[in-house]
Amino acid sequence: MLTVAAKQNTKRTSPPSELVLRCQRGERDAQAEFYSTYREDVLRTLYRVLGPDADLEDALQDVFIEVYRSIPNFRGQAKITTWLYRVCVNVGLQKIRRNKRRPEGYSTLREDLPDHETPMRALERKDSSRVVYAILDTIAPKKRMVFILNEIMGMNAKEIAAIVGANALTVRTRLHYARKEFYKKVLESELFLGVGNEGERDPRGRSAGGVG
């Protein structure tokens, strides 16, 4: 009885190639299985692409609308996960371009860091994910995307090239400038120093927002 119960509770998942073929035939149960199989992976990718304050459910819906629209054209020339990353990146780029703005509090920059302070220590003191994405919001979308895929998701240039539709040299060039721009803004940004947040003090004992 225990064995039977275990089998009944085991979720059946089709092999990816079979699942894609069934989706291409328009089978509704296959589309539902595709959604349940890849939903969490897509959400994780969208979180990394768009950041903690994004409307992930809205982006998730957009991704799967595009998946079901485009899957008849999928020919298996890339892994299904690579293709899904590409859809996530394209949806993410559309949303970033649509919503692109400078975050509040970012316009005033500091020229120095407190004694013994480093960007990474500053990250540890703050809500690091929001600080990172506040800075990424100021970087051009294509550079931002390769930075995220490499620095946050751990992909190499070849893998990124397959996702963003560029050659590896272009990816490396974008990544070089994205890193340079990102870490420059890490060093400059008052977001790391607590300036502009009422009631906070920087490590030198001055009240937030004070002119010292």
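The values are calculated or read from the model by the stated rules, or taken from the named source; none is laboratory data. Note that the structure is a prediction, hence the values are computed from the model and not measured. When we count neighbours, we look across all protein chains shown, and the Cβ atoms used for this are built from the backbone with ideal geometry, even at glycine.
What are the pairs with Cβ atoms under 7 angstrom where one residue, in segment 44-65, is over 19 Å from Ser128 (Cβ atoms) and the other, located anywhere, is hydroxyl-bearing (Ser, Thr, Tyr) and modelled with pLDDT of 90 or more? Sequence gap at least six, or different chains.
Filtered contacts from segment 44-65: Thr45/Tyr85; Phe64/Tyr35.
Return the residues of segment 67-84 that are of a type in the set (D, E, K, R) and closer than 16 Å to Lys158 by Cα; say none if nothing qualifies.
Of everything in segment 67-84, just one residue is of a type in the set (D, E, K, R) and closer than 16 Å to Lys158 by Cα, namely Lys79.
Would you confirm, using the coordinates I've provided, whether Glu66 is modelled with pLDDT of 95 or more and of a type outside the set (A, V, I, L, M, F, W, C)?
yes
Only residues that are touching a residue at least 24 places away in the same chain (Cβ under 8 Å), among the polar types (S, T, N, Q) and within 20 Å of Val87 (Cα to Cα): list them for segment 149-191, please.
Across segment 149-191, the qualifying residue is only Asn150.
How about segment 15-30: which of its residues are over 29 Å from the mean Cα position of the chain (by Cα) and not in a helix (DSSP H, G or I)?
Arg25, Gly26, Glu27
Could you tell me whether Tyr133 is in a helix (DSSP H, G or I), modelled with pLDDT under 95, aromatic (Phe, Trp, Tyr) and buried (at least 16 other Cβ atoms within 10 Å of the Cβ)?
Criteria met by Tyr133.
Inspect all residues belonging to segment 172-186 and state whether any of them is modelled with pLDDT of 50 or more and not in a helix (DSSP H, G or I).
No, segment 172-186 contains no residue that is modelled with pLDDT of 50 or more and not in a helix (DSSP H, G or I).
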